[in-house]
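Peer 1: Dropping a structure here in structure tokens format, bear with me for questions.
The values are calculated or read from the model by the stated rules, or taken from the named source; none is laboratory data. Predicted, not measured: the structure shown is a model, and the values here were computed from it. Don't worry about glycine lacking a Cβ; one is built from the backbone with ideal geometry, like all the others, and counts go over all protein chains shown. For the accessible areas, the whole protein counts, side chains as well, though only heavy atoms, and no ligand, DNA or RNA atoms are used. Shrake-Rupley method; radii C 1.70, N 1.55, O 1.52, S 1.80 Å.
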Amino acid sequence: MEKEEQPANLIDQLETTREEVVKRSSTGVVTVDGQKYAVGLVWQPVQNLDDPIVEIRESADSETGADLYCLRPAATPQYGMGYSDLGHRDGMPSLAAAVASVLTEYSSVCAVFRVDEGWWLIAIRNDLILAEEDIVFATEVEAQKAYASMMAVPDWGIRIVPPEWNIEGVQQEDLTKLVHGTRKVRLQSINAQKRTKFLLAIALLIVLGLGYLIWMLVQVLSEVFTDDTDVIRKPTGTTGIGVQAPPPTATHKPWEVLPDMKQFFDRCWDTAYQVRSVIVPGWTMGTIQCTPGEVMTNWRLSDPKLGRLSWMRYGVNEYQLNPNFKIDIKSDGTSATGMVTFDTKLSTVSSEPKMTPIELEEDIREIQQATGLSFQFNRQTLLDPPNRADGTRPPNQKTYTYYSFVVLSPYAPMEWLSFFEKFSGLEITKLEYTPSGDATNKWKYEGRIYAK
């Protein structure tokens, strides 16, 4: 699709300042379907495609208070500058990027959505989010004035406004449904003072390597970091995350209490995102594994000359992960395990199976052939209650058939969500993410589909 010529006033809007955005926006955070999103970001097109981080840091130096950013992949990549004093946080997704990702068929977009915090306006031209048009207005009048001013520019591909505005020729969209299942573009920290001191201390130690300096650096690190991380104490009798637990046995049918998949994917993605950001010199992170109850990963000592046990602890503390994050450094000093245990359980949903075992097997084989993905599956049965110790069947025992499956994919959880939700009786039991893995197999999904 040909790009339309940009009016001069819109080009000017691609270069703006935090002060201009803050002056107009009533808040920097809105909540959609229980998820907090960042709004009011200062958007800029990426000029240095070879190394955008350098460009982002230079922009941050010229923007007072800019300490977060997100990169939005698009035909013309953009980055959005975030500000902690507006409520933006590391790992928080951008609402503008989420909406832009599902409206790519339109050359330009002008939309106003009613949110709990007010009226949120977004404007996009030629796939570029306009810098001053990712904004929340406290009053409806302000939002209507802003929308009216945007209408002075012709040729909008799609216009979206609240239905109560009664404007002809526009569309109405449910923001919750619009962003449901979209891939989240999240804010990341631009500069972290502690991280800088941490890496500088390591560099000095490597270069100088003197006993006195080692002692001195330990004192510095003691001031920069707090070393109060707990050692993991795995409760006795729990199932290790690396072992897929059998389906629950109870008086109810197993598909009547399946973990809410969207909650599971959101929790897993958010926590895995935090964990994978931990980079400690001399240590290599392994696979990040996620179940409904916990997230676990491991590190191995990849460079004995560079890696130190104390740096592993300091590094984990410095990144300020989930407060429930625990680390266990093994006695041999060459490996460590980290785990986040969730305090709250996921909500449960009931999803009665609609397909017979034969229909399920045919569908799974067809999907495997159509996608070319590595899709392993195995037919199994669940006995409820299980057989007695002597192998005899108890009275009123019921048998449930299901297919356990494992699929390797380059696609992140939210990109799979809508697909998995098409299957009734489907449960995801574990996700794995391998940061250093092959690009086509970074994600591994394990689960089961019950048959009727």
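Peer 1: Tell me, which residue of segment 118-129 that is touching a Ser or Thr at 6+ places or on another chain (Cβ under 7 Å) and under 21 Å from G181 (Cβ atoms) is most open to solvent (accessible area, probe 1.4 Å)?
Peer 2: Here the residue is D127.
Peer 1: Could you grab me the full set of residues in segment 408-430 that are out of contact with any Gly (no Cβ under 7 Å at 6 or more places or on another chain), open to solvent by 50 Å² or more (accessible area, probe 1.4 Å) and either assigned to a loop (DSSP other than H, G, I, E, B) or touching a residue at least 40 places away in the same chain (Cβ under 8 Å) (or both)?
Peer 2: Of everything in segment 408-430, those that are out of contact with any Gly (no Cβ under 7 Å at 6 or more places or on another chain), open to solvent by 50 Å² or more (accessible area, probe 1.4 Å) and either assigned to a loop (DSSP other than H, G, I, E, B) or touching a residue at least 40 places away in the same chain (Cβ under 8 Å) (or both) turn out to be P410, Y411, E415, E421, K422.
Peer 1: Now, a different point. When both residues are 6+ apart or on different chains and their Cβ atoms are under 7 Å apart, which pairs have a first residue that lies in segment 362-377 and is on the phi < 0 side of the Ramachandran plot and surrounded by 12 or more Cβ atoms within 10 Å (Cβ to Cβ), and a second that is part of a strand (DSSP E or B) and of a type in the set (V, I, T)?
Peer 2: L373/V407; S374/V407; F375/V407; Q376/V406
Peer 1: Shifting gears a bit: Where the second residue is open to solvent by 80 Å² or more (accessible area, probe 1.4 Å) and among the basic types (K, R) and the first is at pLDDT 90 or above and lies in segment 171-190, which pairs have Cβ atoms under 9 Å and are six or more apart or on separate chains?
Peer 2: What qualifies is L175/R114.
Peer 1: Let me ask something else. What is the residue count in segment 385-407 for residues that are part of a strand (DSSP E or B) and of a type in the set (S, T, N, Q)?
Peer 2: Residues meeting the conditions: 3.
Peer 1: If you don't mind, there's one more thing I want to ask. Of the numbered conditions (1) within 17 Å of M339 (Cα to Cα); (2) out of contact with any strand residue (DSSP E or B) (no Cβ under 7 Å at 6 or more places or on another chain); (3) free of Cβ contacts under 8 Å to residues at least 40 places away in the same chain, Q274 satisfies every one except a single condition; which is it?
Peer 2: The number of the failed condition is (3).
Peer 1: Additional query: Take S351 and tell me if it is of a type in the set (S, T, Y), touching a strand residue (DSSP E or B) at 6+ places or on another chain (Cβ under 8 Å) and in a loop (DSSP other than H, G, I, E, B).
Peer 2: In short, yes.
Peer 1: Quick check on my filter: what residues within segment 148-164 are open to solvent by less than 30 Å² (accessible area, probe 1.4 Å) and either farther than 18 Å from V102 by Cα or in contact with a helix residue (DSSP H, G or I) (Cβ under 7 Å, 6 or more places away or on another chain) (or both)?
Peer 2: Correct list: M150, V153, V161, P162.
Peer 1: Taking the stated definitions as given, is F342 within 26 Å of T429 (Cα to Cα) and open to solvent by less than 30 Å² (accessible area, probe 1.4 Å)?
Peer 2: no
Peer 1: Is it the case that some residue within segment 105-117 is within 20 Å of L175 (Cα to Cα), at pLDDT below 85 and open to solvent by 20 Å² or more (accessible area, probe 1.4 Å)?
Peer 2: Within segment 105-117, one or more residues are within 20 Å of L175 (Cα to Cα), at pLDDT below 85 and open to solvent by 20 Å² or more (accessible area, probe 1.4 Å).
Peer 1: Within segment 77-96, does at least one residue satisfy the condition of being over 15 Å from L41 (Cβ atoms) and of a type in the set (D, E, K, R)?
Peer 2: no
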